[in-house]
Amino acid sequence: MSGTVVDFSRFSYRYPGAAAPSLRDVDLRVADGEFVVLAGRSAAGKSTLLRAACGLVPHFHGGEAAGSASVCGLDLSENGPAELHGAVGLVAQDPETQVVAATVRGELELPLEIAGEPAASRARAVEEASLALGIAHLLGRSTQTLSGGELQRVALASALVGRPRLVLLDEPTSQLDPVAGDELIGLLRRLNEEWGTTIILAEHRLERCLAAADRVVAMAEGRIAFDGEPAAYLDWALDSDAALATPLARLFDGAGMRPAPVSVKVARARLAGASSGSPASADLVAHSASNSALARKGEGEALRVKRLWVELDHGEGPHEVIRDLSLRIEPGEVVALMGRNGAGKSTLLRGIAGLADARKGKADAPAGWALVPQAPGDLLVREQVGDELPGPEGQAALAAVGLAGAVDADPRDLSGGERQRLALAIAMAGRAEGAMPGLICLDEPTRGMDTARKHELAGRLADLARMGSAVLVATHDVEFAATFAERVVLMGEGEVLADGTAEEILSGGWYFATEVARALGAGGPITPERGAELLRERAAAGER
């Protein structure tokens, strides 16, 4: 089958009660077999466009739609999610709201049962999808016991199990570790090339997926601002909104080396051609080391974990999630907690907050703690954003996270990044003027956030540290960790595997390394700004 899979013509949409449309005169055509990356800042309209492409907008959400739209030959004015179900698979931004069955196997079988597939075909499809996503060992598990990353992979497997013609993905790598994220993009590329599946992938972490894309569509304020090839997109982003460019593109632009490369492979080749020495030469190491000293803002302990053991029971008997773990964080430290899915990061944060019982050992935050959970919806209980944070202190907290203009909005209508910022505001409301907790913990706080918002959050974390609080952030986002962390603690199998400066941990590796570090080599800078500064210095030295 060939032809146009998605056809939007001057399509506009406004959510019920919204002050402004979320989509404005969108013209978009996607052909069979294309791999399209959907870029743009938070609340640009990416999620709404995906909801429209699977019929959720307007058939589920309501609201007002104008213009024309069809998907897989079905007119969206007359066909909703039920009619599009077999042809379109969706992986939503919040997988915890998408997974509905009691077990993982049941979740994967559900779309096949709805489609009337025979038992043998269902069994084969479930086996193949679970193997492809690395979740075969989870098939017997209750979906209530899954981590955020595990839920994300189960939601993706459920979307793929029926081999739909079109797959829509909204921030699918946001809760996946670097290894699983790379594997997911590789799987999508394989599905696209070998099965002919059309892919539309909305993503903020473009460094993970841009090289796999045939085309990039960038949105701004509900409109399509750019539509073209990845290389052309990077030039457009650098000229229009550098926050939408990859770290590698910002590195080359800062060093005056346009056009920007799409992949690390191309970047390394260009850097090797521009210099007779290796990018990982002594000047790189010296530059990195000069910026790697940990800042100590206070004395004493903000967190003391001593030989902690935590067991969880997922229905198959108790198993150790935290194993004899010891950790100390001082006041004013800003620490990234990293590691693969299932390493124990969230359980450690829950243990610190007293939400996970310790079998042995102890986690103590002597000056108190605040926790922003992985699922921001856990903190959202009101009908309007302003009701979540009433009064002057609440208004100040909303302004601090860029949501002052959303006081009348329903929290459920916010983008994923906006909900995450609202959860942070709720956790921190009023603290700037009152007693600060000694330790502030955030669990995957950047889900749904664009690069500009991540930098704002990094600045907010630095402010909290200057006010005396230690900050501990569990994250899979290597690039984000490089912007805020002085120190990185790497976990695996419930244990601390490595503990060092950000420059030590986030350079020189394959997966837990920034895009800039992979391009420049081991021991080099880990951020575009530092890397560009060094390349300019090296170029100036070569001219003398």
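The values are calculated or read from the model by the stated rules, or taken from the named source; none is laboratory data. What you are looking at is a predicted structure, and each value in this text was computed from that prediction instead of being measured. All Cβ positions, glycine included, derive from the backbone under ideal geometry; neighbour counts span all protein chains shown. Note: areas computed on protein heavy atoms with side chains; ligands, DNA, RNA excluded. Shrake-Rupley method; radii C 1.70, N 1.55, O 1.52, S 1.80 Å.
Give just the number: which of (1) open to solvent by 20 Å² or more (accessible area, probe 1.4 Å); (2) part of a helix (DSSP H, G or I); (3) of a type outside the set (Val, Ile, Thr) does Gly86 not satisfy?
All conditions pass for Gly86, except number (2).
Return the residues of region 185-212 that are part of a helix (DSSP H, G or I) and within 13 Å of the chain's Cα centre (by Cα); say none if nothing qualifies. Don't jump to the end; show me each part of the working.
Within region 185-212, the subset part of a helix (DSSP H, G or I) is 185-195, 206-208, 210-212.
If the condition is that a residue be part of a helix (DSSP H, G or I) and within 13 Å of the chain's Cα centre (by Cα), then Leu206, Glu207, Arg208 are the ones that fit.
Being open to solvent by less than 20 Å² (accessible area, probe 1.4 Å), hydrophobic (A, V, I, L, M, F, W, C) and part of a loop (DSSP other than H, G, I, E, B) is the filter here; which residues of region 515-544 pass it?
Ile526
Please tell me if Glu418 is in a helix (DSSP H, G or I) and either on the phi > 0 side of the Ramachandran plot or open to solvent by 60 Å² or more (accessible area, probe 1.4 Å) (or both).
Working: in a helix (DSSP H, G or I): yes; either on the phi > 0 side of the Ramachandran plot or open to solvent by 60 Å² or more (accessible area, probe 1.4 Å) (or both): no.
When the stated conditions are applied, Glu418 does not pass them.
For region 54-83, give me each residue that is open to solvent by 50 Å² or more (accessible area, probe 1.4 Å), of a type in the set (Gly, Ala, Ser) and either part of a loop (DSSP other than H, G, I, E, B) or touching a helix residue (DSSP H, G or I) at 6+ places or on another chain (Cβ under 7 Å) (or both).
The answer is Ala65, Gly73, Ser77.
One line per residue, one yes/no per condition, for (1) under 25 Å from Thr475 (Cβ atoms); (2) open to solvent by 50 Å² or more (accessible area, probe 1.4 Å); (3) modelled with pLDDT of 95 or more; (4) in contact with a Pro (Cβ under 8 Å, 6 or more places away or on another chain):
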site: Asp182; (1), (2), (3), (4): yes, yes, no, no
site: Ile185; (1), (2), (3), (4): yes, no, no, no
site: Glu193; (1), (2), (3), (4): no, yes, no, no
site: Ala202; (1), (2), (3), (4): yes, no, yes, no
site: Ala211; (1), (2), (3), (4): yes, yes, no, yes
site: Gly228; (1), (2), (3), (4): no, no, yes, no
site: Thr246; (1), (2), (3), (4): yes, no, yes, no
site: Leu251; (1), (2), (3), (4): yes, no, yes, yes
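Spot the failing condition for Leu398; the list is (1) buried (at least 19 other Cβ atoms within 10 Å of the Cβ); (2) in contact with a strand residue (DSSP E or B) (Cβ under 6 Å, 6 or more places away or on another chain); (3) modelled with pLDDT of 85 or more, and only one is missed.
(2)
Can you pull out every residue in region 21-39 that is in a strand (DSSP E or B), under 25 Å from Ala406 (Cβ atoms) and in contact with a Phe, Trp or Tyr (Cβ under 9 Å, 6 or more places away or on another chain)? Spell out the reasoning first.
From region 21-39, those in a strand (DSSP E or B) are 23-31, 35-39; that's our starting set.
The next check asks that each one be under 25 Å from Ala406 (Cβ atoms); those that pass are 23-26, 38-39.
Residues satisfying the conditions are Leu23, Arg24, Asp25, Val26, Ala39.
Where in region 328-406 are there strands (runs of 3 or more DSSP E), lying wholly inside it, with at least 2 residues that are among the small types (Gly, Ala, Ser) and more than 19 Å from the chain's Cα centre (by Cα)?
Details: elements: 334-339, 358-364, 369-372.
By residue number, 358-364.
If you scan region 203-224, which residues turn out to be within 21 Å of Pro261 (Cα to Cα) and of a type in the set (A, V, I, L, M, F, W, C)? Break it down into steps so the answer makes sense when it comes.
Residues of region 203-224 that are within 21 Å of Pro261 (Cα to Cα), as a first pass: 203-218.
Selection gives Leu206, Cys209, Leu210, Ala211, Ala212, Ala213, Val216, Val217, Ala218.
Return a yes/no flag: does region 73-80 have any residue that is under 21 Å from Leu187 (Cα atoms) and in contact with a strand residue (DSSP E or B) (Cβ under 8 Å, 6 or more places away or on another chain).
Looking only at region 73-80, we keep the residues that are under 21 Å from Leu187 (Cα atoms), and these are none.
Checked against the condition, which is being under 21 Å from Leu187 (Cα atoms) and in contact with a strand residue (DSSP E or B) (Cβ under 8 Å, 6 or more places away or on another chain), region 73-80 yields no hits at all.
Looking at this structure, is Val26 of a type outside the set (D, E, K, R), closer than 19 Å to Leu160 by Cβ and surrounded by 20 or more Cβ atoms within 10 Å (Cβ to Cβ)?
On the way: of a type outside the set (D, E, K, R): yes; closer than 19 Å to Leu160 by Cβ: no; surrounded by 20 or more Cβ atoms within 10 Å (Cβ to Cβ): yes.
Here the answer is no, as Val26 does not meet what is asked.
Listed residues Leu389, Leu424; which is open to solvent by less than 20 Å² (accessible area, probe 1.4 Å), touching a residue at least 12 places away in the same chain (Cβ under 8 Å), in contact with a strand residue (DSSP E or B) (Cβ under 8 Å, 6 or more places away or on another chain) and not basic (Lys, Arg)?
On the way: Leu389 fails: in contact with a strand residue (DSSP E or B) (Cβ under 8 Å, 6 or more places away or on another chain).
Being open to solvent by less than 20 Å² (accessible area, probe 1.4 Å), touching a residue at least 12 places away in the same chain (Cβ under 8 Å), in contact with a strand residue (DSSP E or B) (Cβ under 8 Å, 6 or more places away or on another chain) and not basic (Lys, Arg) holds for just one of Leu389, Leu424, which is Leu424.
Please go through region 504-544 and give me each residue that is hydroxyl-bearing (Ser, Thr, Tyr) and over 18 Å from Arg340 (Cα atoms), ordered by number. Steps first, answer last, please.
First pass over region 504-544, keeping only residues hydroxyl-bearing (Ser, Thr, Tyr): 507, 511, 514, 527.
Scanning region 504-544 gives a single hit, Thr527.
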